[in-house]
Amino acid sequence: MPLIRRLAFLKDWRRLATVSRDGFVVNIQDSVDGPDARRRLAGRAAGVETPFSWIATLRYEWEEERSMSEEAVIEIDRPRCRPFSLGDVMILIVAIALGLAVARPALSTIVIAIQQASRDTIWSLARTIPLARFLTIVLLNFLGFLLPAFLVLRVRRPRPPPRLIVVQPGFAGCAAPVALVLFFVPLSLLAPAVMEQRIVMIAALGLIVAAVPLAWLALIATRQWAPEPSWIDRLGRGLAALWTLALPLHLVLIRLPY
């Protein structure tokens, strides 16, 4: 224990106890410290020798200081969640508005089909499968803008270091399909022949469908899966899971003969 700590302890000792002339503790203030310190200081009776009381109290002070240090380290290492702010709301509103503008024709088709269908035919396969197909189109239109919007939310300050962001499953699951789309769309436009464009589109579609599972498997395989207990990472994981379900379902529905 440093000298300053010892001097401070000596001052607290005089405040804690009244020492008699023969060096025995005769009184301890109950309001100063907890029952463990009083038990270690006083022992079974008030007549405990001062050196042993010093050892007990020093040990108590050291344990208390160590526990406070451990709690401080845990508090520092605990990830801080950025609060949901007005800027986040505005970004999400813009993404939803853009998705709604793109999905408006599909929504109009769904509304017209529901209004024209009778109660007997609305649950038939000839009606249900086209409705499900248009619903997946609407969902993909919204996700097409929500995934980049999430990346903007994730990189807004205050944020963790980049090395911690890239290993979060929410960020990885949303960044993988966006990066593949940004890579393959110009590549398909630059392809000289129609056959080459078709090959590029098939390869791009297969990779985009498997983008989220591949990104998450890469994090798990490299033991870098580090989810953040915050609303941002949970939102990213939810959007990535919806993308993983909606796109394969749409590809299956467009192959059905209805």
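Observations on the model:
- Thr121 hydroxyl-bearing (Ser, Thr, Tyr), surrounded by 13 or more Cβ atoms within 10 Å (Cβ to Cβ), more than 26 Å from Leu98 (Cα to Cα) and without any contact (Cβ under 8 Å) to a residue 40 or more places away in the chain: no
- Among the residues making up region 200-258, a single one is part of a helix (DSSP H, G or I) and among the polar types (S, T, N, Q): Thr244.
- Residue within region 160-183 that is of a type in the set (S, T, N, Q) and in a loop (DSSP other than H, G, I, E, B) present: yes
- Checked against the criterion of being modelled with pLDDT of 55 or more and under 30 Å from Tyr258 (Cβ atoms), the candidates Arg82, Arg154, Arg133 yield just one match: Arg133.
- Verdict on Leu143 being free of Cβ contacts under 8 Å to residues at least 60 places away in the same chain, assigned to a helix (DSSP H, G or I) and either at positive phi or in contact with a helix residue (DSSP H, G or I) (Cβ under 6 Å, 6 or more places away or on another chain) (or both): no
Matching residues to (1) within 17 Å of Ala179 (Cα to Cα); (2) crowded, with 18+ Cβ neighbours inside 10 Å:
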residue	(1), (2)
Arg198	no, no
Leu207	yes, no
Ala218	yes, no
Glu228	no, yes
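- Number of the exception - Ser118 against (1) under 31 Å from the mean Cα position of the chain (by Cα); (2) at pLDDT below 90; (3) polar (S, T, N, Q): (1)
- Scanning region 148-168 for residues that are closer than 22 Å to Leu247 by Cα, touching a Phe, Trp or Tyr at 6+ places or on another chain (Cβ under 9 Å) and surrounded by fewer than 23 Cβ atoms within 10 Å (Cβ to Cβ) turns up just one, Leu151.
- Odd one out for Ala241 among (1) surrounded by 17 or more Cβ atoms within 10 Å (Cβ to Cβ); (2) within 19 Å of Val181 (Cα to Cα); (3) among the small types (Gly, Ala, Ser): (1)
The values are calculated or read from the model by the stated rules, or taken from the named source; none is laboratory data. As the structure is a computational prediction, the values presented were derived from the model and not from experiment. Note: ideal-geometry Cβ built from the backbone for every residue, glycine included; neighbour counts use all protein chains shown.
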